[in-house]
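To start, the structure itself, in structure tokens.
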Amino acid sequence: MIEHGHATHTGLRREHNEDTYWADAEHGLWLVADGMGGHGRGEVASWTAVDAVVNAIRNGIGMADAIRRAGAAVASHAAQQNSATPMGSTLAALKLDDQGGYELARIGDSRIYRWQDGALMRISRAVMDGERAESDATPTTASTRVRATHALGITPTIELDAKPVTGRCAPGTQFLLCSDGLTEELDDRRIAAIVSRTDLAAQECVDQLVLAALDAGGRDNITVVLVRIR
């Protein structure tokens, strides 16, 4: 059984929401994208990325190729705008299959966390099993800094590190996908304290995370998707 919650908020200092998300339990696909480019271009970039991934996955294309297609779609749209301002999007993606397997992929600084066995793990390509989430002071390696600067539509498609992290789900596993509007305001310990609350439904946890980020300043758009495996 899958339970999920999802929400997005413009935040307290931005006029527009450049985040886009997708939550589809029926097809086992969840996405968070954070666009960049300003003047409406960020919204277009994030939606273009999400739309491209959803269509590709629905047509039987694998995660890595779906993400590369999304990068090409954003780049193509940007090229048609004849603007000197870069246009791009981050992406955090989760795909579940019918056999209990998962695929996780991330481009840019939107994050993916896995809650399992009482610990919150920050998923990255550097550590296939994830990095134990401690706090915002967790050391950042050169490789993670490079990944954080990648973006669909800006990084050449051939250079995108789109290979997903794969694994098996266990009962009680949770996956959290979020834009940096959440992680700029809350450290990993605060996130873990909310995600770990079994007295709250998934949607209630999401609402608590968004409210906590707003209380902490809400300087950017905030998007949160939480998926629980029962």
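A short reminder: the numbers here are calculations on the coordinates, not readings from a lab. Since we're looking at a predicted model, the values are computed, not measured. In this analysis, Cβ positions are derived from the backbone assuming ideal geometry, glycine residues included, and neighbour counts consider all displayed protein chains.
Which net charge results when you count Lys and Arg as +1 and Asp and Glu as -1 among the other residues whose beta-carbon is under 14 Å from that of residue 31?
On the way: positive: 58, 69, 95, 106, 111; negative: 19, 24, 34, 51, 103.
Residues close to residue 31 contribute a combined charge of 0.
Considering the Cα trace of segment 22-120, what is its radius of gyration and what is Dmax, both in angstroms?
Just the Cα atoms of segment 22-120 yield Rg and Dmax of 14.4, 50 Å.
Show that you can apply the helix-only estimate: for the chain, add -39,500 (n - 2.57) for every DSSP H stretch of four or more residues, divide by all residues, and state [θ] at 222 nm to the nearest 500.
Computed mean residue ellipticity for the chain: -9500 deg cm²/dmol.
Counting only Cα atoms, I'd like the Rg/Rh figure for segment 66-113, Kirkwood definition for Rh.
Answer for segment 66-113: 1.12.
Could you give me the ³J(HN,Hα) list for segment 222-230, computed from phi with Karplus coefficients 6.51, -1.76, 1.60 and θ = phi - 60°, whole Hz, x at Gly and Pro?
For segment 222-230, the Karplus curve yields 10, 9, 9, 10, 10, 10, 10, 9, 8 Hz.
Relative to the Cα centre, what is the charge dipole magnitude of segment 2-229, using +1 at the beta carbon of each Lys and Arg, -1 at the beta carbon of each Asp and Glu, and rounding to the nearest 20 debye?
That gives a dipole near 500 debye.
So if we plug the beta-carbon distance of residue 25 and residue 214 into 1/(1 + (r/R0)^6) with R0 = 22 Å, what FRET efficiency do we get, rounded to 0.05? Before the final figure, lay out the partial values.
On the way: r = 26 Å, r/R0 = 1.19.
Calculated value: 0.25.
Run the dipole for segment 1-106 about the Cα centre, Lys and Arg Cβ at +1, Asp and Glu Cβ at -1, nothing else charged, and hand back the magnitude in debye, nearest 20.
Numbers: 8 positive and 13 negative charges, 84 e Å.
Here the size comes out at about 400 debye.
Charges on Cβ only, +1 for Lys and Arg, -1 for Asp and Glu, centred on the Cα centroid of segment 2-229; of 2, 113, 64, which one is farthest towards the dipole's positive end?
The residue sitting most towards the positive pole is 64.
Given labels modelled 7 Å from the Cα in the Cβ direction, how far is it in nm from residue 200 to residue 117?
2.5 nm
In whole Hz, with x marking every Gly and Pro, tabulate ³J(HN,Hα) for segment 196-212 from phi via Karplus 6.51 cos²θ - 1.76 cosθ + 1.60, θ = phi - 60°.
6, 6, 6, 7, 10, 5, 4, 5, 5, 4, 4, 4, 5, 5, 5, 4, 5
Mind checking the log10 I(q)/I(0) for the chain at q = 0.13 Å⁻¹? Debye, one equal scatterer per Cα, no solvent, two decimals.
-0.70
Once you put a point 7 Å from the Cα of residue 98 and another 7 Å from the Cα of residue 166, both along the Cβ direction, what distance in nm separates them?
The two pseudo-label positions are separated by 1.8 nm.
Can you work out ³J(HN,Hα) from phi for every residue in segment 172-189, in order, using Karplus 6.51 cos²θ - 1.76 cosθ + 1.60 and θ = phi - 60°, giving whole Hz and x for Gly and Pro?
Those phi angles translate into x, 5, 10, 10, 10, 10, 7, 7, 6, x, 7, 6, 6, 9, 10, 7, 5, 5 Hz.
Counting other Cβ atoms within 10 Å of each Cβ, which GluC sites (Glu not before Pro) in segment 18-117 have at most 14 and sit in a DSSP loop?
Those that pass, being in a loop and sparsely packed, are 26.
Expected output is a single nm value to one decimal: the length gained when fully extending between residue 64 and residue 12, i.e. 0.36 nm times separation in residues minus the C-alpha distance. What is it? Before the final figure, lay out the partial values.
On the way: separation 52, 0.36 × 52 = 18.72 nm, distance 3.45 nm.
Extra length available between residue 64 and residue 12 comes to 15.3 nm.
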